[in-house]
Amino acid sequence: MNVLRAPGTLVDFHCHLDLYPDHAAAVANAEREAVFTLAVTTTPKAWPRNRELSLPTSHIRASLGLHPQLVAERAIEIALWEEYLPQARFVGEVGLDGGARFYRSIALQRNVFERVLRCCEKAGGRILSVHSVRAVTGVLDLIEANLSASQGKVVLHWFTGSRAEARRAVDLGCYFSINIEMLKSERGRDLVAALPQDRLLTETDGPFTCTRGRPAQPVDVKAAIEGLGLARKIPATEVMSIVRANLQTLLDFADTADTE
Ligand code: MN
């Protein structure tokens, strides 16, 4: 039996199921394949539908987000995000984007992300999927100042920072969700190989990555598992056990924390 197909063994910790042409079908596919899938959202307006579709499933969890690339137009939606937070154990996609197209809104992005972190600190027991493109220092500064590891766990999604920044993130208690794009360069593979085993997760960031020329589905996360195994020189089956164990640690944290 191919263990990569065994039920309940794959983890896609960052996937935009609501951005596929058929949202309900994308949820149903991930559920049928038994892939634990964190269904991240980009605006709190997407929360009710994502929650509704994920609640009857065993493997899909909806995540309450306000994407930094949308903050320039949608910063006002932070009020709605805050209103929904009591319903959400998972938060994301949130964070900062310092890339050329979004840098103009960086001050506003900081305000929004700081508010997200402070709300999570107060609420407790939240797990966050965080975007940090060209803004790793800013993201880590805000996390350090506003969210303690006892109140919230941060998963840095598609991390592209330096080795030194990764070490700082590790010291702050962060996890990393690894996708295939991160494993395409030697620099990326070296960085991923150096991360502590107990901070590793996997993701597709579908539909923004591709498998065989089409948008990746959660089940395609097995390519990231295989790539991670090659980069760390361990069998893919061992990567799967590591990632499942790390997911369980996060779920236990969310289950046992004192929350509001
Ligand atoms: Mn994303």
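Taken together, the values in this text are just the output of simple stated rules run on the coordinates, not laboratory data. Note that this is a predicted model, so its numbers are computed, not measured. Cβ atoms come from the backbone with ideal geometry, glycine included; neighbour counts cover every protein chain shown.
A few remarks follow.
- Spatial separation of Cα centroids for the range 150-191 and the range 239-260, in angstrom: 18 Å
- Taking Cβ atoms as reference points and 15 Å as the exclusive limit, the residues near ARG168 contribute a net charge of -1, counting Lys and Arg as +1 and Asp and Glu as -1.
- Temperature 25 °C, viscosity 0.890 mPa s: under these conditions the Stokes-Einstein estimate for the range 127-260, based on its Kirkwood radius over C-alpha pairs, is 161 µm² per second.
- Expressed per residue, the C-alpha convex hull volume of the chain stands at 120 Å³.
- On a per residue basis, the convex hull of the C-alpha atoms belonging to the range 1-149 measures out at 128 Å³.
- Electrostatic bookkeeping for VAL133 treats Lys and Arg as +1 and Asp and Glu as -1; over the other residues with beta carbon under 14 Å from its beta carbon, the sum is -3.
- Applying the Karplus relation 6.51 cos²θ - 1.76 cosθ + 1.60 with θ = phi - 60° to the range 235-250 yields 3J(HN,Hα) values of x, 4, 4, 5, 4, 4, 5, 4, 5, 4, 5, 5, 4, 4, 4, 5 Hz, where x marks Gly and Pro.
- Compactness of the range 75-200 is given as radius of gyration and Dmax, 14.3, 43 Å, from Cα positions.
- Order by protection proxy (mean Cβ within 10 Å, highest first), peptides 120-126, 16-22, 156-162: 156-162, 120-126, 16-22
- Residue-count net charge about GLY98 - beta-carbon cut-off 12 Å; Lys, Arg +1, Asp, Glu -1: +3
- As a rough guide to protection, the peptides 230-236, 46-52 ranked by mean Cβ packing within 10 Å, highest first, stand as 46-52, 230-236.
- Among 56-62, 98-104, the peptide with the highest mean count of other Cβ atoms within 10 Å heads the list, and the full ranking is 56-62, 98-104.
- Mean ellipticity per residue at 222 nm, deg cm²/dmol - from DSSP H runs of n ≥ 4 across the chain, formula -39500 (n - 2.57): -12500 deg cm²/dmol
- The alpha carbons of the range 200-260 stretch over 44, 28, 14 Å along the principal axes, in descending order.
- Nearest-0.05 FRET efficiency for CYS210 and GLU52, computed from C-beta distance (R0 35 Å): 0.80
- Taken one residue at a time, the phi angles of the range 93-103 give Karplus couplings (6.51, -1.76, 1.60, θ = phi - 60°) of 8, 10, x, 10, 10, x, x, 3, 6, 10, 4 Hz. Gly and Pro are set to x.
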